[in-house]
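The values are calculated or read from the model by the stated rules, or taken from the named source; none is laboratory data. Everything quoted here is computed from the prediction, not taken from an experiment. Quick reminder, even Gly has a Cβ in these numbers, built from the backbone with ideal geometry, and neighbours come from all protein chains shown. We work out accessible area using only protein heavy atoms, side chains counted, and drop any ligands, DNA or RNA first. Shrake-Rupley method; radii C 1.70, N 1.55, O 1.52, S 1.80 Å.
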Amino acid sequence: MKEIRKILEKYYGYKDFRPGQEKIISNILNKKDLLAVMPTGAGKSICFQIPALLLDGVTLVVSPLVSLMKDQVDALSSVGIKAAFLNSTLDTNEFNEVLYGLKNNEYKMIYIAPERLDSRVFLDTINSISISQIAIDEAHCVSQWGHDFRVSYRKIGDFIESFTARPVITAFTATASQEVQKDIVKLLRLRDPEVFVSGFDRENLEINVIKEGRKDRFLKEYLKKNSQASGIIYCATRKEVNSIYEDVKALGYSACKYHAGLSDKERKEYQDLFIKDKKNIMVATNAFGMGIDKPNVRFVIHNNMPQSIEGYYQEIGRAGRDGEKSECILLFTPGDIHMQKYLIDVGLKSEDRKAIAYKKLQEMVALVHSSGCYRKFILNYFGEELKEDCNNCSNCLSDGEEQDRTIDAQKVLSCIGRMKRGYGATILVDVLRGSKNQKIISLDFNNISTYGIMKDYKKDDLVGFINTLISHGFMEQVEGTYPILRLNPLSVKVLKGEEKVIFKNIKVKDTSFDYSDLFNKLKALRFNIATEQKVPPYVVFGDRTLKEMSNDYPLTKEQMLEISGVGEMKYEKYGEAFIKVIAEYVSTNNIVKGPKIEVEKKLPSNFNVSTDENLYLKLRELREKFAAKESKIPYSIISQNTLKEISGRYPINLADLKDITGLGPKKVETYGKKIINLVKAYVEEKNIEVNWSERNKLKLVIDGEDRKNEEIAISMLEEGHHIKKISLDIEVSVSSILGYVTDYIKETGDVSFNLNLKEFYEEEEEEVILKACNKIGIDKVSDIKKTLNPSINYQAIRAVILKNFYNIA
Ligand code: ADP
């Protein structure tokens, strides 16, 4: 274990493993087959690279990403790991040279395209040497159920079988439904593999869905604010890529493009410009992105809604691989649904696959229309529960100014009603604006009472407003050869004045990804080194590393090695050049280095709050009232820790309230005033002098408790408390606690709890749940739940799994 940490530090310059990495690595070192499903950016590569260094023999990495292999090998070489690649870009001489090196023990790792696996000379060569591991990257490509099926991946199974001394086989992917996981295990012929599925949440990605306004205007304003950052704009069709690419270029930004209609050469060139930070905006179809290692993509904008949640999550996953805050913005108009249906219809031949694609599209549409936390919705879709709202998506954060558009909506809706037969948006807009065009006159629409009642509106604004009405479900767009507009029950309510139409003015986000002066200087140095060495800048150092340098001003080797991302090897290569730039900066700006940083590090890291019991009880009563009104469980509205924090900090205006953990703008909007009034009355009555201070990202500790709910629950179980008591005490559902127990056992293997699981399910439920588990697997509880009678709850499913698969009595 110590040894793998040393390697992490020496070669990669990282101080700690990311979740899961250590466990996966030791699993591989024990020669056990493995399937790891981890989201993009979680750090899969290190998981097979470190074992490659430690095992005797060579590791083969099968990857579909021919155009990126050189970068991957360059990245390895930059940290001193000997590697090479074999693919169609090599000529015969180069190919033979690598094989020669392989025979002579020159490499620890070889990247290979699956198409090359049956090359006779290659097979002869590897038969003569020792292969320790075969790692299959992007393993979902083997499955027809995945969205990137590659026929050549089907060769891998036979290839593996051909070994007399079978190496350990490891498979990695970022997206795999249960079906895909099963396919991977079967088709790659993994033997009794350890399946490792890590959490899918990417906390650093802010998820935004914008259903209002015009896409082109949004894009223009957004780019104006973020012109320095790297970003991807995804479009649904090649035609749209071409047109947005031209627009973005015309606005003066440095852009490139990517779609299947370009030649291999063009695609490679554009991809290279983007990866090497020579152009910072990529306009592309979904053909772009698989395996792109560029870690500093700060935004991903979808100019259209994608076809599936899987596709969407994978595409936004390309943002923020370095763990830094990044933005994902989906620009939606109802026409997107129509277009995607059309693309499925013409793109897929088999009726079965069409049916699957339509179903996935429907789920994507449901996500766009949902009014709750988007992250919760997505994670739920992948079978993960997010207990609290994320406070980092546009539904949680929406704080645009509200506008009552009921009267405008009534005008539009009553016009549709009066036009009788269904028509499309273009004719509707013409009627509302009082157009004299021949078609309108011939249909006699100039004589209906709504003719011209919105003539003051610009055409584009009216189209935008109509789209927004459809996006929010106030009317329907029925698809056909031409989509037509129809009223629905909600339209009728609006027309009768029973339902208001309130839209928020969504502003272009104010965030801009600008960095400090020193950061930009270091970035320029990195760019020059990278260009000279013909490698992508991230191979030199990642943005995160540069940011740390620009904050900490390391001036010696020792200080440099403290920076995350600087290991011995990288220090030898680049350390001094960077120190020189930092030293210059420090001296010209008179920065006193050293003590300042030490002092900063010693600042308190906790924000301590003590509950005011009397106020806390009053707040609980208030929460009861909210809950009764909405027929919800109190803690699902506001958690008890949030109430405790309020009671100990006394927020007396809405701005203060926003600093309380667990209260996003939406909750502040709904419950804020009542909470504030209660607190105000209380502090006045008790004559409490309020000294408000902001939390400033410090760790919140309430009444000395700094453990998470998971840890509290486990230690209470260990102390012998009943699970129901724990649930009441910490206000977490029994099913979530059973989830904590499952995670704990997975992590530690410790099954010493005394739990009476039988009380959480009926006897006859056990058999059906077990059947479902055997069919679907046990990792995604929500997938199991979907197949069962709705009366069977999560708690029953989790209890049955714990009892039968984790051997808890
Ligand atoms: P994935 O293949 O899972 O999408 P990568 O292997 O490309 O992810 O890793 C994503 C980024 O995270 C890379 O820049 C990598 O160097 C970095 N990384 C990986 N492991 C760690 C770690 N333990 N600490 C810090 N950064 C890490």
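Quick check on this structure: which one of 36, 75, 42, 83 is in contact with a strand residue (DSSP E or B) (Cβ under 6 Å, 6 or more places away or on another chain), within 15 Å of the ligand (Cβ to nearest atom), touching a residue at least 40 places away in the same chain (Cβ under 8 Å) and of a type in the set (A, V, I, L, M, F, W, C)?
From the options 36, 75, 42, 83, the qualifying one is 36.
Within the stretch 527-541, residues that are more than 16 Å from the ligand (Cβ to nearest atom) reach partners that are part of a helix (DSSP H, G or I) with beta carbons closer than 6 Å, at six or more positions or on different chains, in the pairs 527/537; 529/540.
Residues of the stretch 150-183 that are in a helix (DSSP H, G or I) and within 16 Å of the ligand (Cβ to nearest atom): none at all. Looking at the stretch 91-103, can you tell me whether even one residue there is more than 14 Å from the ligand (Cβ to nearest atom), touching a Lys or Arg at 6+ places or on another chain (Cβ under 8 Å) and in contact (Cβ under 8 Å) with a residue 12 or more places away in the chain? Looking through the stretch 91-103, none of the residues is more than 14 Å from the ligand (Cβ to nearest atom), touching a Lys or Arg at 6+ places or on another chain (Cβ under 8 Å) and in contact (Cβ under 8 Å) with a residue 12 or more places away in the chain.
Scanning the stretch 21-33 for residues that are surrounded by fewer than 19 Cβ atoms within 10 Å (Cβ to Cβ) and touching a residue at least 24 places away in the same chain (Cβ under 8 Å), we see that the one that is nearest to the ligand (Cβ to nearest atom) is 23. In this structure, is residue 536 closer than 28 Å to residue 227 by Cβ and modelled with pLDDT of 85 or more? So residue 536 fits the description; yes. Being surrounded by fewer than 17 Cβ atoms within 10 Å (Cβ to Cβ) and either farther than 16 Å from residue 407 by Cα or not assigned by TED's automatic domain parsing to the domain that holds residue 410 (or both) is a description that applies to residue 459.
Counted as qualifying within the stretch 698-809 are the helices (runs of 4 or more DSSP H) with 2 or more residues that are closer than 30 Å to residue 607 by Cα, namely 709-718, 723-730, 734-748. For the stretch 559-599, filtered to residues that are open to solvent by less than 100 Å² (accessible area, probe 1.4 Å) and at pLDDT below 80, the residue that is nearest to the ligand (Cβ to nearest atom) is 597.
The set of residues in the stretch 749-776 being open to solvent by 70 Å² or more (accessible area, probe 1.4 Å) and of a type in the set (Ser, Thr, Tyr) consists of 752 alone.
One line per residue, one yes/no per condition, for (1) at pLDDT below 90; (2) over 19 Å from the mean Cα position of the chain (by Cα):
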| residue | (1), (2) |
| --- | --- |
| 143 | yes, yes |
| 149 | yes, yes |
| 185 | no, yes |
| 201 | yes, no |
| 219 | no, yes |
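Here is a check on your reading of the model: is residue 152 open to solvent by less than 80 Å² (accessible area, probe 1.4 Å) and either assigned by TED's automatic domain parsing to the domain that holds residue 309 or in contact with a Pro (Cβ under 7 Å, 6 or more places away or on another chain) (or both)? Yes; evaluated as a whole, the condition is true for this residue.
Taking the stretch 678-693 as the range and being assigned to a loop (DSSP other than H, G, I, E, B) and loosely packed, with under 12 Cβ neighbours inside 10 Å as the test, the residues that pass are 687, 689, 691, 693. Taken over the stretch 199-214, residues that are buried (at least 18 other Cβ atoms within 10 Å of the Cβ) and not aliphatic (A, V, I, L, M) amount to 7.
Please tell me if residue 98 is hydrophobic (A, V, I, L, M, F, W, C) and open to solvent by 70 Å² or more (accessible area, probe 1.4 Å). Here the answer is no, as residue 98 does not meet what is asked. When the stretch 104-117 is examined, which residues are found to be open to solvent by 20 Å² or more (accessible area, probe 1.4 Å), in contact with a Lys or Arg (Cβ under 9 Å, 6 or more places away or on another chain) and assigned to a loop (DSSP other than H, G, I, E, B)? 106, 107, 108 - these are the residues of the stretch 104-117 that are open to solvent by 20 Å² or more (accessible area, probe 1.4 Å), in contact with a Lys or Arg (Cβ under 9 Å, 6 or more places away or on another chain) and assigned to a loop (DSSP other than H, G, I, E, B).
Filtering the stretch 287-327 to residues that are within 26 Å of residue 251 (Cα to Cα), more than 16 Å from the ligand (Cβ to nearest atom) and surrounded by 21 or more Cβ atoms within 10 Å (Cβ to Cβ) leaves 299, 301, 302, 303, 304, 305, 306, 327.
Residues that are within 16 Å of residue 486 (Cβ to Cβ) and out of contact with any Leu (no Cβ under 6 Å at 6 or more places or on another chain): does the stretch 429-446 have at least one? Scanning the stretch 429-446, I find at least one residue that is within 16 Å of residue 486 (Cβ to Cβ) and out of contact with any Leu (no Cβ under 6 Å at 6 or more places or on another chain), so the answer is yes. Which one of these is within 24 Å of residue 525 (Cα to Cα), away from the ligand (no atom under 16 Å from the Cβ) and either open to solvent by 10 Å² or more (accessible area, probe 1.4 Å) or among the charged types (D, E, K, R) (or both): 272, 277? None of the others qualify; the one that does is 272.
Within the stretch 230-268, being touching a residue at least 60 places away in the same chain (Cβ under 8 Å), over 22 Å from residue 537 (Cβ atoms) and in a helix (DSSP H, G or I) holds for one residue alone: 240. Number of residues in the stretch 185-202 that are touching a Pro at 6+ places or on another chain (Cβ under 9 Å) and within 16 Å of the ligand (Cβ to nearest atom): the value is 5.
Can you tell me which residue among 125, 173 is free of Cβ contacts under 8 Å to residues at least 40 places away in the same chain, under 27 Å from residue 50 (Cβ atoms) and of a type in the set (Ser, Thr, Tyr)?
125
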